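Here the structure is laid out as C-alpha cells; the discussion comes afterwards.
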Amino acid sequence: MKKYFLFLGFLLTVMVLQAQPVTRFTVDLTKGKKGSLSVTCDVPAYQKEELVYQIPRAVQGSYSIKNFGDYIDDFRAYDHKGKRLKVSYNKQESNFRISNAKSLSRITYDVHDTWTDTKKQNYVFQPGGTYFEPGTLFCLNTFALFGYFEGFKDCPTEVHIKKETVLYCATSANISALSATDDVVKAPNYDDLQDNPMVYMRPDTVSIKVRNCRFHIAVFSRNHKITSRDILASISPVITNAFASFFSVFPTDNYTFTFLFPGWQDEALFANGTMGAMEHCKSSVYFYPETGNRDILNSFLTHVVAHEFLHILTPLSLKSEQIYNFDYRNPEASEHLWLYEGSVEYLSNIILYKDSLISDEDFWETFRQKTLYSDRYKDISMTEFGKKIFDNSDMHYYANVYNRGALVSFLLDVKINELTGGKMNLKKVLLQLNEKYKGHYFKDEVLFDEIVNLTHPDIRILINDYIVGTKELPVKEYLQKIGYRFTSEKPDSIYTFGRVSVEYDAKDKRCVVRDASPGYNAFGIDKGDVIVAVNDTLLNESNYYHNVNLIGSPGTDAEVTVRFSRKGKLMEIKNPPIRVKVTQLNFIEPEREISEEERALRKQVLGR
Ligand SMILES: [Zn+2]
C-alpha cells in the first residue's frame, strides 16, 4: 500500500510540474543604450483568448503608486509566425491587453530608466528604480522591468541575461552563470522575482559569515572613493553584534547589501533630492552620493543598514494579508504601517544603542527629533493613516510614521516591560508573532488582540489611545519611568560663531560656503567664500567634516582660526565664540537619582 501511494504521489508531482508553464525573459545588457533596455519575453501557451500583461503599479515596501508601465515603450506582441497581435495599454491599470492571445508567442518592449526621469511628477526613488549605463552599471529592480500575465502570477519565471564579461551581478536571486557572458535567474513565482533586485557592476565585493547567514557586500563607487572593505569596516559591528544579538538564527542564509554611490559627475541623478534605501527579504539596495569622508559614511550607514535589515522581521516576514497577497494592480494597504516602519525604526535604534554602536548623544538626539516632529503632526491616527497610504500623498504625514510610529513603539516597549516585570518586551512579541505566522499572514484586525494576548490586558488601553487614537503621547511620563527627565522648554546657553553653512564640492575638491552673511558670523565669512583651513589644518574631503564642525558647533570657548579665500584673496581671522541664550525644546537628560524600579526598567528597555 505504501509503495502504491508513493507511486501515485510521484505521478501527481510530475503532473503538477508539467502544468507549470515557464515565462522566459531575455535582456541583453551588451546592447543596452544609456537609459534604455530592451526586454524579450517568450510566452508559454496559456490558451487564453485575451491576456493581460501586468507591470506593477506599486510594490511592497514603497507605499506609493508608481505605475511602472509608464516606463515601457514600443510594446509588441507576436504570434508563432512573427505576425503582430493587437495590443492596448491601460495607463490607469499599468497593463497591456493582448488580443487573440492563444497564438501569442513572444512580447518585446523597451524600458526607460527611472533614475534619469526627472520629468515624472511621481519620481521613483532610486533604490527602487532602474538605471542602465552600458559597461558600467545596470540597476535592475525587476518589478520595473518585468511583469506577469494575469492569472499566472504564481508560475515560474526565468530571466536570461547577456552581459559583458567585466560585469558582476550583485543579487540574492537564484542566479547561475551559464558562461562568462550569460547568467540565468530562476524564480518560482512573480513575488520572488520582483523581490530580488539584480545590480550589474564591476565587481567590488566582500562577504562575511555570521552564524547561519553569509552577508555579501557589493559596492559601486563612481570615483572609487568607497570600497566594499570600507563598508565592511563600517557595518560589520552592526552585523556581528547588533543583528546577531537580535536574531539567534537569521531568517535567511544569504543576504546582499548593494551600495550605489554615484559621484559628482552624476549630479542629475540627485536632482529630485531623494536618496535612501529599499528593503527586500534577502537584500537591500542603498543609493547615496559618493563621499570620501569616513565620518559621514559611518554616521548614516550604521542607522540605515540597521533599519533596512530589521525589515527582514517585519513586514518581510511578519505581515498582514494585504502584503502577503500583494495586488500589484490595485494595492490594498494594511493599517499596521506603524509596525512595519515605526517599530522597525524604534528597534533598530535600540539594538544599536544596546550594543554601544551609537553614542548616548546620538541616540537621544534622534529620539528628541522624533518628539519634535510628531508634535507637529499629532492629529493622526496611525492605523487610519496606514490604511490610506496609497491615496495619501502628504509626505509630512508619511514621515511621521518614522517618528510617532517609533515613539508609540517606545511606549509599548516600556509598558510591556513594566506590566510583565521584564518577562516580555516588544522584540519578543514580534519574534513570537513571527514564529506563529511563519510562511503565512495575519489579518489586520487580529494583530492588536495578538499583542495583548502575549503581554497584558492593559496594553489595549495604550494601543487604543495612541496607535488607533490620536491622544498626545505621554513621552514625558514614560521617560520618567526609565529615569529620564523630559523638559519641553529648557533655558540654556551655547557657544556659537554665528551662521555658516559649508558644503564640500567633490568636483573642485574644496569647501564652499553655501550660506553666510559677513555681519552674522565671527569671521566675516560670506556666501561663496572657500574655507581653506581651520586651526592650521588644511581641509580635504576626509577631514573637512570634523574641522568645519569646530565652527558650526563649538563645544567650548576656545578660539578658532579660519583661513578662507574670497575671489582669490586669502584671509585669516582668529576669534573666540560668543555665548548666547537659547531655549532647548524637548530636552532629555538622565535623572541624577533614580529609584530601583526605574533603574530596573531602564535596564530592561535600554539594556544599560
Ligand atoms: Zn523602512
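The values are calculated or read from the model by the stated rules, or taken from the named source; none is laboratory data. Please read these numbers as outputs of a predicted model, since none were measured by experiment. With ideal geometry, Cβ positions are generated from the backbone for all residues, glycine too; neighbour counts draw on all protein chains shown. The area values use the complete protein model at the heavy-atom level, side chains included, leaving out ligands, DNA and RNA. Shrake-Rupley method; radii C 1.70, N 1.55, O 1.52, S 1.80 Å.
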| the chain: angle of helix 596-606 to the longest principal axis, Cα-based, in degrees nearest 10 | 50
| query | Using Cα atoms only, what is the angle between the long axis of helix 426-436 and the major principal axis of the chain, expressed in degrees (0 to 90) to the nearest 10? | reply | 10
| note | Under 5 Å from the placed amide H of Arg485, counting only residues 5+ away or on other chains, we find Glu589, Glu591
| Per residue, what accessible area does the chain have, given a 1.4 Å probe and all protein chains present, in Å²? | 46
| query | Once you charge only the Cβ atoms, +1 for Lys and Arg and -1 for Asp and Glu, what is the size of the charge dipole of region 298-395 about its Cα centre, to the nearest 20 debye? | reply | 100
| query | How big is region 22-203 by Rg and Dmax over its Cα atoms, in Å? | reply | 15.5, 46
| message | Charges on Cβ only, +1 for Lys and Arg, -1 for Asp and Glu, centred on the Cα centroid of the chain; of Val124, Val52, Ile231, which one is farthest towards the dipole's positive end? | response | Val52
| query | Using a probe of 1.4 angstrom, how much of the accessible area of region 498-576 is carbon and sulfur, in percent? | reply | 46
| said: Can you compute the helix-only [θ] at 222 nm over the chain? Use -39500 (n - 2.57) per DSSP H run of at least 4 residues, normalise by all residues, nearest 500 deg cm²/dmol. | reply: -8000 deg cm²/dmol
| remark: Looking only at lysines whose Cα falls under 21 Å of Lys83's and that sit 8 or more positions away or on another chain, we get Lys48, Lys102
| For region 66-136, which whole percent of the accessible surface, found with a 1.4 angstrom probe, sits on carbon and sulfur atoms? | 44
| field | For q = 0.18 Å⁻¹, Debye-computed log10 I/I(0) when each Cα of region 498-576 counts as one equal scatterer | value | -0.65
| task | Report, to the nearest whole %, how much of the accessible area of region 192-335 belongs to carbon and sulfur atoms, 1.4 Å probe, protein only. | result | 48
| Does anyone have the angle between helix 228-237 and the longest principal axis of the chain? Alpha-carbon axes, 0 to 90°, nearest 10? | 70
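Note down the magnitude of the dipole of region 460-608 about its Cα centre, charges +1 on Lys and Arg C-beta and -1 on Asp and Glu C-beta and zero elsewhere, to the nearest 20 debye.
Charge dipole, region 460-608, about its Cα centre: 260 debye, nearest 20.
In this model, which of Lys66/Lys509; Lys509/Lys567; Lys388/Lys471; Lys225/Lys370; Lys162/Lys186; Lys282/Lys319 are farther than 25 Å apart at the alpha-carbon?
Those over the limit are Lys66/Lys509; Lys225/Lys370.
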| query | Put +1 on the Cβ of each Lys and Arg and -1 on the Cβ of each Asp and Glu in the chain; which of Leu104, Gly422, Met278 then has its Cα farthest toward the positive end of the dipole? | reply | Leu104
| Over the Cα atoms of the chain, what is the Rg over Rh ratio if Rh follows Kirkwood? | 1.01
| task | With an 8 Å cut-off on Cα pairs and a minimum separation of 6 or more residues, tell me the relative contact order of the chain in percent. | result | 10
| query | Relative to the present Cα-Cα distance, how much length would full extension add between Asp492 and Glu93 at 0.36 nm per residue of separation? | reply | 138.0 nm
